Structures are given as C-alpha cells and as structure tokens.
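Taking it in order: structure first as structure tokens, then the write-up.
The values are calculated or read from the model by the stated rules, or taken from the named source; none is laboratory data. A quick note: this is a predicted structure, and the numbers were derived from the prediction, not measured. Here the Cβ positions follow ideal geometry from the backbone for every residue, glycine too, while neighbour counts run over all protein chains shown.
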Amino acid sequence: MALPKLNNTPKYDLVIPSIKKSIKFRPYLVKEEKILLLAMETKDPAQALNAVLNTIMACIDEKIDHNILTTFDIEYMFVKIRSKSVGETSEFGVNCSECSHTNKITLDLQSIEINVPDTNFMIPLADDITIEMTYPHFSDMANNKKLTNSTSSTEQTFEMIMSVMKAIHTNDERIDLKDVSHKELEEFIESMTGDQLQKIRKFVETIPKMTHDLEFDCVKCHHHNKYTIEGMQNFFQ
C-alpha cells in the first residue's frame with residue numbers, strides 16, 4: 001500500500017529582479033533543507049552556493065536558465081523562498097556602536113526588496129575601445145575557485161572585474177570575451193591605466209545587492225543606532 005501524500009504545497013509569487021519576470025514558487029521541503037545543511041557543513045563555499053542554486057531551481061515552477069540568474073537574483077529569491085519555508089522573520093544580534101552591547105533585532109524578511117537601477121553597460125576606455133559590461137552570473141561565481149577559495153582580496157577583485165566584462169568593442173569588431181583566454185584577458189586588464197581600471201571598478205561597486213537599513217535604540221545605553229545588513233548570509237545570522 002502506497003503512503004499518502006503528506007502536503008499540498010502552497011504557491012507564492014516573486015519577481016526575478018534582473019529580468020523583471022514574475023514566477024511562482026513553493027517552500028522548500030525537508031529533503032531540500034537536508035541537502036542545504038549538508039552542503040553548509042562541508043565548509044566548501046562552492047558546494048554551499050550550488051546547493052542554494054539547486055534548491056531555488058527545485059522550488060520554482062518556471063523553466064528558467066539558471067545560467068542567466070545574477071548574484072542578486074539568487075540572493076533575493078533565496079530569501080523569499082526561505083521566508084516561506086522556515087519563517088518570515090529572522091532574529092539576530094547587532095552590537096551597539098556606542099557601548100558594544102548586543103541587541104536582538106527581528107527582521108521581517110517579506111520587507112526585503114532589491115532596486116535595480118537603469119545602468120549604462122557600455123564603458124569607453126579609449127577613443128576606439130569600449131567595454132561591454134554585464135552583471136555577474138551566480139553560477140559563474142559559485143564555480144570560480146579563485147573567487148570562492150582565494151584569501152587574497154586583490155585576486156578576488158581582479159576575478160570579479162573579469163567576470164563582469166562581456167565584450168570589447170573596437171571600431172572594427174566586437175570581441176566576445178567568452179572566446180578569450182583567462183591569461184589574455186588578465187594581460188588586457190593589467191595594461192590599463194589606473195583611471196581606466198577605476199571605471200570598471202565603479203561598475204562593480206554599483207552592482208545591485210540585497211541590503212536593508214535598520215534603526216534601533218540600544219536596550220543598555222539607549223544610543224540610537226543605524227545599521228545596514230548586506231549580503232545573503234547576513235540575513236540569517
């Protein structure tokens with residue numbers, strides 16, 4: 001005799017920030033939470049990030065190419081799915097900037113949104129050379145060992161810069177950087193002036209990310225604090 005079906009899983013709506021597409025999702029189940037927890041226990045960043053991606057893809061109804069999803073798409077989608085799976089609030093401790101006392105803060109995860117502004121993806125570097133930029137794709141980030149495993153902030157910065165450069169435009173052609181070797185692209189970046197590199201860095205610094213501003217009065221010294229939560233992991237301390 002077959003076991004009965006345990007749950008009729010409810011469906012919810014969200015909009016993927018980068019492509020403005022509305023999709024339906026379900027909460028993740030115990031089997032998916034188990035995979036997430038096991039991945040986190042490995043302390044392997046790539047395995048943990050891919051477990052997050054796989055969980056999201058299992059929970060959404062639409063057929064979406066996961067390779068097009070940006071880093072901020074995944075952050076936002078995971079927060080929304082997790083909030084319907086294990087609770088719509090997250091409680092964590094924030095130290096007072098005045099007396100360092102740890103205050104317990106409760107955050108409503110349903111209030112979290114991401115603003116994706118209009119962005120110029122074409123950056124001129126010289127009279128005849130323009131860089132076509134793109135937002136970083138989560139799957140590329142998750143599987144880039146130099147990003148997930150490196151302890152060098154300089155190496156991580158250069159890897160991030162390479163990940164957001166999509167193509168080089170000259171007067172004669174468009175060079176898709178997927179067809180260029182890592183070494184050749186690295187040498188191209190190293191040939192830039194400081195001002196040219198700063199244009200690329202500025203684009204990286206303005207990539208949308210999940211943030212939320214908090215204000216609270218310390219329960220010990222009553223100092224008024226302003227605090228910004230940033231990055232997916234910080235929403236679930």
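Of all residues in the range 122-143, which are assigned to a loop (DSSP other than H, G, I, E, B) and either more than 21 Å from I175 (Cβ to Cβ) or not assigned by TED's automatic domain parsing to the domain that holds L197 (or both)?
The answer is N143, and nothing else.
Check whether at least one residue in the range 55-64 is outside any strand (DSSP E or B), among the hydroxyl-bearing types (S, T, Y) and either in contact (Cβ under 8 Å) with a residue 40 or more places away in the chain or closer than 23 Å to T228 by Cα (or both), and report yes or no.
So in the range 55-64, the residues outside any strand (DSSP E or B) come out as 55-59, 61-64.
Keeping just the survivors that are among the hydroxyl-bearing types (S, T, Y) gives 55.
The next check asks that each one be either in contact (Cβ under 8 Å) with a residue 40 or more places away in the chain or closer than 23 Å to T228 by Cα (or both); those that pass are none.
Taking every residue of the range 55-64 in turn, none turns out to be outside any strand (DSSP E or B), among the hydroxyl-bearing types (S, T, Y) and either in contact (Cβ under 8 Å) with a residue 40 or more places away in the chain or closer than 23 Å to T228 by Cα (or both).
Hey, T151 hits all of (1) in contact (Cβ under 8 Å) with a residue 24 or more places away in the chain; (2) assigned to a loop (DSSP other than H, G, I, E, B); (3) β-branched (V, I, T) but one; which does it fall short on?
(1)
I'd like the full set of residues that are of a type outside the set (G, A, S) and out of contact with any Phe, Trp or Tyr (no Cβ under 8 Å at 6 or more places or on another chain), limited to the range 167-177.
Scanning the range 167-177 gives H169, T170, N171, D172, E173, R174, I175, D176, L177.
Taking the range 67-84 as the search range and keeping residues that are among the hydroxyl-bearing types (S, T, Y) and in contact with a Ser or Thr (Cβ under 9 Å, 6 or more places away or on another chain), which one is nearest to I114 (Cα to Cα)?
T70
State the number of residues belonging to the range 165-174 that are within 15 Å of L125 (Cα to Cα), out of contact with any Ser or Thr (no Cβ under 6 Å at 6 or more places or on another chain) and not hydroxyl-bearing (S, T, Y). Write out each step before concluding.
To start, the set of residues in the range 165-174 that are within 15 Å of L125 (Cα to Cα) comprises 165-171, 174.
From the residues that got through so far, the ones that are out of contact with any Ser or Thr (no Cβ under 6 Å at 6 or more places or on another chain) too are 165, 167-168, 170-171, 174.
This time we only want the ones that are not hydroxyl-bearing (S, T, Y), so: 165, 167-168, 171, 174.
Of the residues in that region, 5 qualify.
Can you find a residue in the range 159-167 that is β-branched (V, I, T), under 24 Å from the mean Cα position of the chain (by Cα) and over 30 Å from L107 (Cα atoms)?
Yes, because at least one residue in the range 159-167 is β-branched (V, I, T), under 24 Å from the mean Cα position of the chain (by Cα) and over 30 Å from L107 (Cα atoms).
Out of the residues in the range 86-115 meeting the condition of being modelled with pLDDT of 90 or more and outside any strand (DSSP E or B), tell me which one is surrounded by the most Cβ atoms within 10 Å (Cβ to Cβ).
Looking at residues that are modelled with pLDDT of 90 or more and outside any strand (DSSP E or B), I get C96.
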